[in-house]
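J.: The structure's right below; bear with me while I get my questions together.
The values are calculated or read from the model by the stated rules, or taken from the named source; none is laboratory data. Quantities reported herein were computed from a predicted structural model and do not represent experimental measurements. Note that we place each Cβ from the backbone using ideal geometry, even for glycine, and neighbour counts take in every protein chain shown.
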Amino acid sequence: MLWWALAFFVVAIIAAVLGFGTLASAAATIAQIIFYVALALLVISLFVYLFRGSRSATIA
């Protein structure tokens, strides 16, 4: 998911250099949203891991 954020960030930089202000703004906003979603999923995963512990599920 962070690769998508990085890709949109690169698109925003290129669009800004070429003078496409609206496209650069949209790409930067999308990159920011994707980054925050990835960060939230990381924090949720960390909390789930800490509360469940490192017990592995056994299939009987």
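J.: From the set of residues in the range 21-49 that are of a type in the set (Val, Ile, Thr) and surrounded by fewer than 13 Cβ atoms within 10 Å (Cβ to Cβ), which is modelled with the lowest pLDDT?
T.: So the first thing to find is which residues in the range 21-49 are of a type in the set (Val, Ile, Thr), and the list is 22, 29-30, 33-34, 37, 43-44, 48.
Still in the list and also surrounded by fewer than 13 Cβ atoms within 10 Å (Cβ to Cβ): 22, 29, 33, 43-44, 48.
On the way: Thr22: 84, Thr29: 88, Ile33: 91, Val43: 91, Ile44: 91, Val48: 87.
It comes out as Thr22.
J.: Just to verify a result, which residue in the range 1-20, among those that are part of a helix (DSSP H, G or I) and aromatic (Phe, Trp, Tyr), is surrounded by the most Cβ atoms within 10 Å (Cβ to Cβ)?
T.: Just the residues of the range 1-20 that are part of a helix (DSSP H, G or I), to begin with: 2-18.
Those left that are additionally aromatic (Phe, Trp, Tyr): 3-4, 8-9.
Working: Trp3: 9, Trp4: 14, Phe8: 20, Phe9: 17.
The selected residue is Phe8.
J.: For Leu41, work out the one condition from (1) in contact with a Phe, Trp or Tyr (Cβ under 7 Å, 6 or more places away or on another chain); (2) touching a residue at least 40 places away in the same chain (Cβ under 8 Å) it doesn't fulfil.
T.: If we test Leu41 against (1) in contact with a Phe, Trp or Tyr (Cβ under 7 Å, 6 or more places away or on another chain); (2) touching a residue at least 40 places away in the same chain (Cβ under 8 Å), just (1) comes out false.
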